[in-house]
Amino acid sequence: MDRDHRVARAELLAGLRLDRVAAAAAATAGELPAYRGLDEEETVGELLAVMGTALAALAEGRAPSDRERAEFTDFGARRADQGVPLEPLLEAFRLTSRHAFDALYAAAGPYGSAVALALTRDFWLCCDHVSAAVVDGHRRRGTERLRDGEERRALLLGRLLSGELPPDGLPTAVRLLGLDPGKEYLAFHAAVAPGHDAAAVEATLREHVAARLVEPAAGRAAGPTEPAAGRVAGLVGSGGIGSPAVPVGLGRALPLSRAHESYRQARRAGELAAAFGLRRPVTDGELPLHAAVLALPATGEELVDRCFGHTSGNRRATLVRSLDAYLTAEANAEAAATALYVHPNTLRYRLRAFTRATGLDPGRTEDTMLIWWALRHLEASTGPRGTTGGGGTTG
């Protein structure tokens with residue numbers, strides 16, 4: 001790097017508003033469930049310190065020194081101490097890097113393409129160094145916390161489910177978790193909604209899991225874990241999990257070496273069950289239309305406007321409940337009216353008014369699909385309304 005480039009780079013980096021970058025990054029990371037319990041001001045301070053250290057290396061176009069790496073490693077260890085799992089930590093790091101790069105890119109324009117190109121290359125190289133050190137610190141602290149009892153079991157189970165457990169660690173995990181290496185197990189995942197008691201969900205699932213463990217005489221089997229992370233997860237024997245009255249996803253029964261595959265399936269299903277308030281076990285792939293509703297929010301908004309854009313407030317809420325009950329009752333007006341505690345003629349009047357306003361007929365198959373999609377989008381975006389244990393219509 002020649003002298004002119006060094007001077008330009010130093011001037012450019014000195015002008016960056018790291019406080020704004022840190023505040024924006026902390027606010028974005030704060031939307032991740034694992035970060036919601038952290039103090040935002042403290043997070044901003046930690047990010048400022050780390051970015052300032054990284055900036056010093058970037059300004060000189062070099063790799064971080066041992067002292068600087070130690071600071072990044074300590075940062076990763078602090079996140080482990082705060083209960084932030086590795087996956088959300090890496091997601092927050094990615095978001096922070098993006099905020100920093102956007103600020104850098106915006107400031108680099110006046111300095112010419114050569115300076116901008118070299119700085120961009122070195123920025124991402126620096127991010128690689130920082131990320132590696134942060135991950136190393138997080139994992140080291142996790143290893144240090146492998147002490148005894150439930151804490152060690154929970155950590156081993158988490159690594160088994162995430163796929164982070166190395167093959168040579170499987171025999172130890174199987175022994176300490178009380179699992180049978182010759183059996184297949186299925187993973188379960190329950191996403192705990194904000195404001196709900198994770199410990200209560202864990203207790204409910206533990207009751208049902210404990211009743212169906214394979215080979216209980218061989219030792220304890222893996223039970224729920226990670227309630228602090230907004231989820232409760234674990235493994236059960238191929239007999240199943242019973243019928244807990246909480247949204248829970250199930251993966252396929254697989255050998256323990258493939259437990260992480262079963263958990264990926266369970267997590268997808270569990271998050272789907274939670275989104276729609278389906279208070280029962282749901283298997284991966286069981287509800288493809290519900291999954292499509294979550295995957296296509298723009299389509300859902302369009303259909304909500306098509307079906308309910310002509311009304312608002314209490315009138316909209318009444319119409320939503322009426323249509324939901326009607327579809328749940330499979331177009332049986334009498335049964336739907338009974339569920340709504342209204343006269344059947346009252347419900348029929350509401351349906352006719354809906355058809356006049358929208359041109360959609362709840363008795364026509366194609367229109368029924370549009371209405372159902374709009375209802376499910378509302379349900380997923382505003383929280384389940386259902387009181388029937390199914391979270392709405394056919395679920």
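Placing unit charges on the Cβ atoms only, positive for Lys and Arg and negative for Asp and Glu, gives the chain a dipole magnitude near 840 debye about its Cα centre. Hey, any idea what % of the chain's accessible area is carbon plus sulfur with a 1.4 Å probe? Accessible surface attributable to carbon and sulfur in the chain totals 54 percent. For the pair Ala298 and Asp81 in one chain, pulling the backbone fully straight at 0.36 nm per residue adds 74.3 nm over the alpha carbon distance. Pairwise inverse Cα distances across the range 1-122, averaged and inverted, put the Kirkwood hydrodynamic radius at 15.2 Å. Largest mean-square fluctuation among Asp122, Asp168, Asp74, in a Gaussian network model of the chain whose springs join Cα atoms under 10 Å apart, belongs to Asp168.
Stokes-Einstein diffusion for the chain at 20 °C, viscosity 1.002 mPa s, with a Kirkwood radius from C-alpha pairs, works out to 88 µm²/s. Rounded to the nearest 0.05, the FRET efficiency derived from the C-beta distance between Glu91 and Thr338 at R0 = 56 Å is 0.75.
Remark on Arg231: its backbone amide H falls under 5 Å from those of Val192, a criterion applied only to residues 5 or more positions apart or on other chains, H modelled at 1.01 Å from N. Based on the convex hull around the alpha carbon atoms, the range 50-204 presents an average projected area of 12.7 nm².
Between Leu117 and Ala70, the contour length at 0.36 nm per residue exceeds the Cα-Cα span by 14.1 nm.
Straightening the chain between Lys183 and Ala56 buys 40.4 nm, computed as 0.36 nm per residue apart minus the Cα-Cα spacing.
Using equal-weight Cα scatterers in the Debye expression, the normalised intensity of the range 238-327 in log10 at q = 0.20 Å⁻¹ is -0.99. Let's test the formula: R0 of 41 Å, r as the Cβ-Cβ distance of Arg356 and Ser243. What FRET efficiency results, to the nearest 0.05? After rounding to 0.05, the efficiency reads 0.45.
In the Gaussian network model of the chain, springs joining C-alpha atoms below 10 Å, which of Leu254, Leu289, Leu235 carries the largest mean-square fluctuation? Comparing Leu254, Leu289, Leu235 in a Gaussian network model of the chain, the most mobile one is Leu289. Summary of packing: across the peptides 176-189, 123-136, the per-residue average of other C-beta atoms within 10 Å ranks them, highest first, as 176-189, 123-136. Applying Stokes-Einstein at 10 °C and 1.306 mPa s to the Kirkwood radius of the range 251-296, computed over alpha-carbon pairs, gives a translational diffusion coefficient of 145 µm² s⁻¹. Can you give the Rg/Rh ratio of the range 1-43, where Rg is from the C-alpha atoms and Rh is the Kirkwood radius? Ratio of gyration radius to Kirkwood radius: 1.28.
Largest first and in whole Å, the equivalent-ellipsoid semi-axes of the range 295-351 read 23, 13, 8, each the square root of five times a Cα gyration tensor eigenvalue. For Val248, the residues 5 or more places off, or on other chains, whose built amide H falls under 5 Å of its own are Arg280, Val282. Accessible area per residue for the chain is 50 Å², calculated with a 1.4 Å probe on protein heavy atoms, without ligands, DNA or RNA.
Values of log10 I(q)/I(0) for the range 271-370 across q = 0.10, 0.11, 0.13, 0.18 Å⁻¹ run -0.31, -0.38, -0.53, -0.98, by the Debye formula with one identical scatterer at each alpha carbon and no solvent. When you count the other C-beta atoms within 10 angstrom of each residue and take the mean per peptide, 327-335, 369-377 line up highest first as 369-377, 327-335.
Cα-based values for the range 65-150, radius of gyration first and Dmax second, are 16.1, 59 Å.
Once all protein chains are placed together, Arg264 keeps about 130 Å² accessible to a 1.4 angstrom probe. With contacts taken as Cα pairs under 8 Å and at least 6 residues apart, the chain reaches a relative contact order of 12 percent. Of the whole protein surface, Arg140 contributes about 140 Å² of accessible area at a 1.4 Å probe radius. Would you mind checking the range 338-361 for residues with the amide N under 16 Å from a putative spin-label position 7 Å along Cα→C-beta of His310? Counting backbone N atoms under 16 Å from the label point, the list is 348-361.
For Glu379, the accessible surface of its heavy atoms amounts to roughly 0 Å² (probe 1.4 Å, protein chains only, rounded to the nearest 10).
The values are calculated or read from the model by the stated rules, or taken from the named source; none is laboratory data. Given the structure is predicted, the values throughout are model-derived calculations rather than measurements. For neighbour counting, all protein chains shown are included, and Cβ atoms are generated from backbone atoms with ideal geometry for every residue, glycine included. Just the protein is used for accessible areas: all its heavy atoms, side chains included, with ligands, DNA and RNA removed. Shrake-Rupley method; radii C 1.70, N 1.55, O 1.52, S 1.80 Å.
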